[in-house]
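Undergrad: Supplied in structure tokens, the structure appears directly below.
Here, each number is a calculation from the coordinates, and none is a lab measurement. In this text, all values refer to a predicted model and were calculated from it rather than measured experimentally. Here Cβ is always computed from backbone atoms with ideal geometry, including for glycine, and neighbour counts include all displayed protein chains.
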Amino acid sequence: MTFPGPGDLMRVVRESSVWRSLFRQPYPTTSRTRALAVMNNVFLHLHPVRVKKHAVRYTYTFCLGGVSFFLFLVLTVTGVYLMFFYVPSVTRAYQDILSIENSVAFGTFVRNMHRWGAHLMVLTVFLHMIRVFYHGAYKPPREFNWVIGVVLLFCTLWLSFTGYLLPWDQIAFWAITVGTQMATYAPLLSRESSFILLGGVEVGQGTLIRFYVMHVIAFPLIVAILLVVHFWRIRKDGGVSGPV
Amino acid sequence: MTIEKRPNATADKNAPTQAPRVPAVERDRGPKLPGPPGVPGTERFRLLAYVKQESMVRVDKRPDETVLTWPHLLRAEFLMALLISVLLVVASVFIHAPLEEMANAGVTPHVAKAPWYFLGLQELLSYFNATVGGVLLPTLYLVGLAVIPYIDRSPYKAARDRKTAWVFFMSLMLGGLLITLIGSFFRGPGWNWVWPWDGIYFTL
């Protein structure tokens, strides 16, 4: 008599109607099933089924766009975690950061990850732009995707800048004070632009809630929409440019 | 060696197709010389090109320039995501995000610096008046970046074929990097010049 082993268990699971409703095909091992795996999966179908050979070389793109997108995802996840413990009020914000550091499980770790990820993302987005320029990948038909990229660069900077204020410590307060002062030098609109930006004449509660809303919902949404367009246009313009 | 067979233009179209075929290259005599026009079995040939062959079979097969996304691209993406994750986890375990005392509008710190990516801008502000350095130049910078594809209309893509554009762009980038570095590590209280070994006023 033989006892059922782990292989038999896997077979039973794989043949169950639940498994087959989740994965509509076996593990892809042939060209056909590999193509289907990419086409039939909502997350994977962002990719074409086949890509140019040079485009998967690390030294062609250095994965900079992909890394920027990955960091955006990391920042979304860590950011949502931090949002559970943070109230954007001038009396509570700093205390909340202290309690994230001291009493929230993995609080310090997640906050560190959010901050270093954010700095790294600013860097990778810049490097991505330089890489794209180097390969002339903004040439027709990709002109407008470059424009979207520049807007995304601006959004990245803006997301980082608005997040910089949220800890409400001296670094944050004075960095934002210095940074937003530049807007008050705008010709003709100095008073208005300062008010729109700060929600007052100086950095205060009005600024904190504005920056918070822009940081956690408005700009992430804008970036997500622009990313969809950015990726879509890469596909429609024939994938990663080159080889040059 | 690729040899294209060109039927004799003057050959009778109704001639029986069973006319004896002559091999493209006769093994010992090389390409056949053109025969008199109109005579079946004496087709003319022209030599088109020498093709360097990778193997003995299927000379006309075009090299496949693509690979399957699964697994080639997905593996690259996964490995890169893994690398960045490890990097971030290690950094987050060992390096702590800065946090100072609670914000106080009444206490001005010795050095008030913007976040690092704006320090180039802050450095510019010390050269020009506020409207030019703080608003016009950064706006020009962003708009200038956005319109690059509409200004640079040369069809060349490789950097070696468009040195002017590349030098111009890299000067802007390196210029930006230079003033960012100056603003980050060479500026202290009152935005005065401070050598890094005399003190670093920089927070990430």
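Undergrad: State all residues of region A:82-136 that are within 15 Å of A:TRP168 (Cβ to Cβ) and in a loop (DSSP other than H, G, I, E, B); if no residue qualifies, say none.
TA: Correct list: A:PHE85, A:TYR86, A:VAL87, A:PRO88, A:SER89, A:VAL90, A:THR91, A:ARG92.
Undergrad: Identify all residues within region A:47-76 that are of a type in the set (A, V, I, L, M) and in contact with a His (Cβ under 9 Å, 6 or more places away or on another chain); write none if there are none. Quick ask: steps written out before the conclusion?
TA: Keep residues of region A:47-76 that are of a type in the set (A, V, I, L, M), which gives A:49, A:51, A:55-56, A:64, A:67, A:71, A:73-75.
Passing the criteria: A:VAL51, A:VAL56, A:LEU64, A:VAL67, A:VAL74, A:LEU75.
Undergrad: Taking A:SER193 as the residue in question, decide whether it is polar (S, T, N, Q) and within 30 Å of B:ALA159 (Cβ to Cβ).
TA: Details: polar (S, T, N, Q): yes; within 30 Å of B:ALA159 (Cβ to Cβ): no.
For A:SER193, the condition - polar (S, T, N, Q) and within 30 Å of B:ALA159 (Cβ to Cβ) - is not met.
Undergrad: Could you say which residue among A:VAL74, A:VAL151 is under 27 Å from B:GLU77 (Cα atoms) and more than 7 Å from chain B (Cβ to nearest Cβ)?
TA: Sole residue among the options that is under 27 Å from B:GLU77 (Cα atoms) and more than 7 Å from chain B (Cβ to nearest Cβ): A:VAL151.
Undergrad: Another question about this same structure. The conditions are (1) aliphatic (A, V, I, L, M); (2) more than 30 Å from A:GLY163 (Cα to Cα); (3) not in a helix (DSSP H, G or I), and A:VAL12 fails exactly one of them. Which is it?
TA: All conditions are met except number (3).
Undergrad: Taking the condition over 13 Å from the mean Cα position of the chain (by Cα) and hydroxyl-bearing (Ser, Thr, Tyr), does A:THR78 pass? Give the steps one after another, and end with the answer.
TA: Numbers: over 13 Å from the mean Cα position of the chain (by Cα): no; hydroxyl-bearing (Ser, Thr, Tyr): yes.
Considered against the rule, which asks whether it is over 13 Å from the mean Cα position of the chain (by Cα) and hydroxyl-bearing (Ser, Thr, Tyr), A:THR78 comes out as no.
Undergrad: Something else now. Scan region A:132-141 and give yes if some residue there is β-branched (Val, Ile, Thr), more than 7 Å from every other protein chain (Cβ to nearest Cβ) and touching a His at 6+ places or on another chain (Cβ under 6 Å), otherwise no.
TA: Within region A:132-141, none of the residues are β-branched (Val, Ile, Thr), more than 7 Å from every other protein chain (Cβ to nearest Cβ) and touching a His at 6+ places or on another chain (Cβ under 6 Å).
Undergrad: Here is a further query. If you check A:PHE173, A:PHE144, which single one turns out to be assigned to a helix (DSSP H, G or I), surrounded by fewer than 21 Cβ atoms within 10 Å (Cβ to Cβ) and aromatic (Phe, Trp, Tyr)? Steps first, answer last, please.
TA: Values: A:PHE173 fails: surrounded by fewer than 21 Cβ atoms within 10 Å (Cβ to Cβ).
The match here is A:PHE144.
Yes or no, residue by residue, for (1) within 7 Å of another protein chain (Cβ to nearest Cβ); (2) over 20 Å from B:ASN192 (Cα atoms):
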position	(1), (2)
B:ALA112	yes, no
B:SER126	no, no
B:VAL135	yes, yes
B:GLY144	no, yes
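Undergrad: Do we find that A:GLY66 is within 9 Å of chain B (Cβ to nearest Cβ) and crowded, with 21+ Cβ neighbours inside 10 Å in this structure?
TA: Values: within 9 Å of chain B (Cβ to nearest Cβ): yes; crowded, with 21+ Cβ neighbours inside 10 Å: no.
So A:GLY66 does not fit the description; no.
Undergrad: If you don't mind, there's one more thing I want to ask. Out of all the residues in region B:98-113, which are without any contact (Cβ under 8 Å) to a residue 40 or more places away in the chain and of a type in the set (A, V, I, L, M, F, W, C)?
TA: Passing the criteria: B:LEU99, B:MET102, B:ALA103, B:ALA105, B:VAL107, B:ALA112.
Undergrad: To continue, here is another question. In region A:193-204, is there at least one residue being under 29 Å from A:GLN95 (Cβ atoms), within 14 Å of chain B (Cβ to nearest Cβ) and in contact (Cβ under 8 Å) with a residue 40 or more places away in the chain?
TA: Yes, the conditions are met somewhere in region A:193-204.
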